[in-house]
1. Does residue B:170 satisfy being without any contact (Cβ under 8 Å) to a residue 60 or more places away in the chain and away from chain A (no Cβ under 12 Å)?
2. When the range A:238-267 is examined, which residues are found to be at the interface with chain B (Cβ under 10 Å from one of its Cβ atoms), more than 21 Å from the chain's Cα centre (by Cα) and surrounded by fewer than 21 Cβ atoms within 10 Å (Cβ to Cβ)?
3. Looking at A:108, A:113, which one is more than 30 Å from residue A:247 (Cβ to Cβ) and within 25 Å of the chain's Cα centre (by Cα)?
4. Select, from A:76, A:40, A:24, the only residue that is modelled with pLDDT of 95 or more, out of contact with any strand residue (DSSP E or B) (no Cβ under 8 Å at 6 or more places or on another chain), surrounded by 21 or more Cβ atoms within 10 Å (Cβ to Cβ) and within 11 Å of chain B (Cβ to nearest Cβ).
5. Of the residues that make up the range B:214-236, is at least one outside any helix (DSSP H, G or I), buried (at least 19 other Cβ atoms within 10 Å of the Cβ) and within 11 Å of chain A (Cβ to nearest Cβ)?
6. Could we say that residue A:277 is without any contact (Cβ under 8 Å) to a residue 12 or more places away in the chain and assigned to a helix (DSSP H, G or I) here?
7. Kindly indicate whether residue A:203 is touching a helix residue (DSSP H, G or I) at 6+ places or on another chain (Cβ under 8 Å) and either crowded, with 21+ Cβ neighbours inside 10 Å or not in a helix (DSSP H, G or I) (or both).
8. Scan the range A:119-138 and report the pairs whose first residue is facing another protein chain (nearest Cβ under 7 Å) and whose second residue is surrounded by fewer than 16 Cβ atoms within 10 Å (Cβ to Cβ) and in a loop (DSSP other than H, G, I, E, B), with Cβ atoms within less than 7 Å and a gap of 6+ or a chain change.
């Protein structure tokens, strides 16, 4: 032991420091992250697995799951296409207002989700700019699927773009320019050169985008109108059940969402460990 | 490119314009009155105050977590590292009901804390706990890459010159981490100010005591007071921008002094 101590490099912490700081870090993570997660599963299974699974088979729960999947199935492809287009523009061309575009992309991250929902109410809500016209024509946006999709797209659109921009900026334009000079068309350059270079980062962005799209609460809560069985997504259904004191059912739906989060984390880490170089270096949201 | 700009303006610029224009139908006095009622002021104070305290706590523990994850080697380190992202991946409503059950008077943590006379759930303390939960990864994830790239030359030099580890940390490591630490803390803060889902379940939402600003927006909307809701939204947005602007100014000022 003393030999080990003596061999400690001068830039290494004292073993006691390591022990203390390590315990503080692990303790903090266990207390603030692990325990809430454990609570979700423990509460969901409080009356056994069958009760929990049964709660997921109730009509309203099934409707909420279906709505959540539908919303994500629309919002995620939209934002994937947009993210690709935005990253492509920003990194492969020079144009006026580029910095403005980059700032705009980041806005949903710095705005409260409730404000994100609010802006759509101000436009499409009954007392919004277009509310009266929409009602006259019998078009429903808020308190219906289109509003939920719009709010979800707004909240999740930075994910793909933000993942791609640093990577594509780093890769530069040389390969594309070479392809074009060899006679490739714009589309085949994009398909054969750009996409293979960014596929893992793209997958990573889509994954995060999907997790957020399925889990979004604040923005969707504002525009959904909370019509049970119709406009309640899974997170909103969790709220309804919880406020109804149906704790087991609430935590059962919550556990399903938590599983989605864990799968997302798992795949995300796998991508990071396998393809670290092919995904941009820093990730902060 | 045209498509990108169109998509962005349709999705972001027009809605934001609606937010900024709408409250002024009340006139300046009406706007001022809407955001200075005692209930709204208390909510704004709680949102910004609790976010600041949570960010401060996260800056300390986030630094320790990042340090341990980057510098120490222990079994399961990769898993702990991946797990730090949980608050990013877990839907906020799920976090909200979980924290609320955990800290409720009969919960795993709530019961022992109640014995100590400390109430967390359904008080402003609960708001703080939720904001610490969602803010931690911002600090850790911002610090980690910078900490990993920090070369040990300067630390070795400090050690040869007879500095203790603590002195090295305070005089050599911390100064070079400070801009990143501030940036990460600021991100945690601005996320916490607007946070809704993870907070409302544990907050108890007592008017004037544990209501947060985003909840006030929802309440105003439910009262069909769209202009009032937009007014609170504008104040939150404005305060966040002023904060970010001040922070950028501070950082460029400190960079220019070096």
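The values are calculated or read from the model by the stated rules, or taken from the named source; none is laboratory data. All of these numbers come straight from a predicted model, not from anything done at the bench. Neighbour counts run over all protein chains shown; Cβ positions are idealised from the backbone, glycine included.
1. Criteria met by residue B:170.
2. Hits for the range A:238-267 are A:243, A:247.
3. Exactly one of A:108, A:113 is more than 30 Å from residue A:247 (Cβ to Cβ) and within 25 Å of the chain's Cα centre (by Cα), namely A:108.
4. Numbers: A:76 fails: within 11 Å of chain B (Cβ to nearest Cβ); A:24 fails: surrounded by 21 or more Cβ atoms within 10 Å (Cβ to Cβ).
Every option except A:40 fails the conditions.
5. no
6. So residue A:277 passes the test.
7. The answer is no for residue A:203.
8. A:123/A:130; A:127/B:224
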